[in-house]
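See structure below.
The values are calculated or read from the model by the stated rules, or taken from the named source; none is laboratory data. Because the structure is predicted, anything quoted here is derived from the model rather than measured. Every residue, glycine among them, receives a Cβ derived from its backbone with ideal geometry; neighbour counts consider all protein chains shown. Just the protein is used for accessible areas: all its heavy atoms, side chains included, with ligands, DNA and RNA removed. Shrake-Rupley method; radii C 1.70, N 1.55, O 1.52, S 1.80 Å.
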Amino acid sequence: MFRFLTAGESHGPALTTIIEGVPAGLGVTADPINLQLKRRQGGYGRGARQKIETDTVEFLSGVRFGRALGSPITMVVRNRDWANWTTKMSIEPLPEGEQETAAINVPRPGHADYAGMMKYDHDDLRNVLERSSARNTATVVAVGAVARLLLAEFGIEVASHVVNIGGIKVSGDNIDLRQVAALSEDSPVRVADKDAEQKIITAIDEAKYRGDTLGGVFEVVVLGLPVGLGSYVHWDERIDGKLAQALMSIQAIKGVEVGMGFGVADVPGSQVHDPFFYEGGSDAHYRRGSNNAGGTEGGMSNGEPLVIRAAMKPIPTLMKQLPSVNLQTKEGVPAFAERSDVCAVPAASVVGEAMVAIVLAQLMRQKFGGDSIGQMRASYESYRKTVADRTAQPVG
């Protein structure tokens, strides 16, 4: 089983994660993880915090000489701004006579503030925002980076690109899925369409000038998945259900769709379902006439590219504050505001990649097992041979 826990606050000393189920012998080093952490901090429209923090990972357990030991892996990402928050976020009680910082009790519409204060009986919404902050996705991206290392052992590639920001939609008609990574990495807003890029940058600049924020949609693409990950047997084993839950767990994500998504409601079945074809010969294989299903059918991967999108709402911390209420005095006042991004959709797409990679790593571990990467690979190759034998040219 591949599972993990994360801990830490946005302005605390560090963010921490422990991963269990990484097979022994898998190559795990800091460089590929730091690369993903850097990607998460990029993108046009990010706030000043990204200039303060340069995230890097430290391993505390589970790795020796660049190889996983099979025991839990502990990773830490230090908050470099902690030195400026040691009083506001003090772990120990403050010395006698030293005043605690004033409580913040004006919630931001659209944030976890109000519900979190009610749920945990807090009088200071900083106790909520520190953990609910998207800053904590740094640990998710670190775990996702380890998951990507595992997937790469089996030729599985994960990429993403932005397809909509602020209603400016990017045409994907002529985008080769195999080129998504290269095209999006070359763009400050992670779009694979240069015609839309400048329009989006202008829209972000205009939103910043107004003190507003923008949301959008990103698409994650996965190549090289074997057929049969997930299951139709139980509701909680379906691959699309697991992926949707994982993506919806990312801060500000309000919708997820696979393949045609909501578009399947607009046309008849003859324009939705992907027909089968068989091509014989030495490279015998089944192929589809389309991939409207987005790589999943009946709760399982079907061998086609996985295509899944997530919609992110605009960030709820606005510099031009929305109306709110002081929860102590009940007085109507502007919402609390703290430094924030104008648009984090490009960064969210990197977090989306991480969550998708984590789910796929879990499903690969579940299906192919093994305590070491060699054992897992042997099981995988055996399964591939079984599928190939069933696909081979019929005799006679």
If we keep just the residues of region 45-62 that are β-branched (Val, Ile, Thr) and modelled with pLDDT of 95 or more, which is least open to solvent (accessible area, probe 1.4 Å)? 57
For residue 308, state whether it is in contact (Cβ under 8 Å) with a residue 12 or more places away in the chain and touching a Cys at 6+ places or on another chain (Cβ under 9 Å). no
Does residue 347 meet the test of being under 30 Å from residue 20 (Cα atoms) and out of contact with any Ser or Thr (no Cβ under 6 Å at 6 or more places or on another chain)? yes
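Residue by residue, here is whether (1) closer than 22 Å to residue 373 by Cα; (2) touching a helix residue (DSSP H, G or I) at 6+ places or on another chain (Cβ under 6 Å); (3) surrounded by 14 or more Cβ atoms within 10 Å (Cβ to Cβ) holds:
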{"site": "6", "(1), (2), (3)": "no, yes, yes"}
{"site": "12", "(1), (2), (3)": "no, no, yes"}
{"site": "20", "(1), (2), (3)": "yes, no, yes"}
{"site": "43", "(1), (2), (3)": "no, yes, yes"}
{"site": "64", "(1), (2), (3)": "yes, no, no"}
{"site": "69", "(1), (2), (3)": "yes, no, yes"}
{"site": "75", "(1), (2), (3)": "yes, yes, yes"}
{"site": "82", "(1), (2), (3)": "no, no, yes"}
Here is a check on your reading of the model: is residue 196 in contact (Cβ under 8 Å) with a residue 24 or more places away in the chain and either open to solvent by 20 Å² or more (accessible area, probe 1.4 Å) or assigned to a helix (DSSP H, G or I) (or both)? yes
Filter result for residue 130 (in contact with an Asp or Glu (Cβ under 6 Å, 6 or more places away or on another chain), outside any loop (DSSP other than H, G, I, E, B) and modelled with pLDDT of 90 or more): yes
With respect to residue 212, is the statement that it is closer than 24 Å to residue 313 by Cβ and assigned to a loop (DSSP other than H, G, I, E, B) true? yes
Filter region 165-194 down to residues that are modelled with pLDDT of 90 or more and more than 18 Å from residue 347 (Cβ to Cβ), then give me how many there are. 2
Among the residues of region 22-36, count how many are in contact (Cβ under 8 Å) with a residue 12 or more places away in the chain and open to solvent by 40 Å² or more (accessible area, probe 1.4 Å). 3
Select from region 148-189 the residues that are of a type in the set (D, E, K, R) and assigned to a strand (DSSP E or B) and write down the one among them that is least open to solvent (accessible area, probe 1.4 Å). 157
Counting just the residues of region 350-396 that are aromatic (Phe, Trp, Tyr) and surrounded by 16 or more Cβ atoms within 10 Å (Cβ to Cβ), which one comes out nearest to residue 249 (Cα to Cα)? 368
Is region 222-231 home to any residue that is small (Gly, Ala, Ser) and in contact with a Ser or Thr (Cβ under 7 Å, 6 or more places away or on another chain)? yes
Do we find a residue being at pLDDT below 95, open to solvent by 30 Å² or more (accessible area, probe 1.4 Å), out of contact with any Leu (no Cβ under 8 Å at 6 or more places or on another chain) and closer than 30 Å to residue 186 by Cβ anywhere in region 325-339? yes
Here's a check for you: in region 233-261, which residue that is more than 14 Å from residue 362 (Cβ to Cβ) and β-branched (Val, Ile, Thr) is surrounded by the fewest Cβ atoms within 10 Å (Cβ to Cβ)? 233
When you look at residue 162, is it among the hydrophobic types (A, V, I, L, M, F, W, C) and touching a residue at least 60 places away in the same chain (Cβ under 8 Å), yes or no? yes
Per the filter on region 361-378, residues without any contact (Cβ under 8 Å) to a residue 12 or more places away in the chain and either assigned to a helix (DSSP H, G or I) or among the aliphatic types (A, V, I, L, M) (or both) are 378
Every residue in region 340-349 that is modelled with pLDDT of 95 or more and either surrounded by fewer than 23 Cβ atoms within 10 Å (Cβ to Cβ) or among the hydroxyl-bearing types (Ser, Thr, Tyr) (or both), please. 349
Can you name every one of the helices (runs of 4 or more DSSP H) wholly within region 10-124 that holds 1 or more residues which are more than 26 Å from residue 215 (Cα to Cα) and either more than 25 Å from the chain's Cα centre (by Cα) or basic (Lys, Arg) (or both)? 113-120
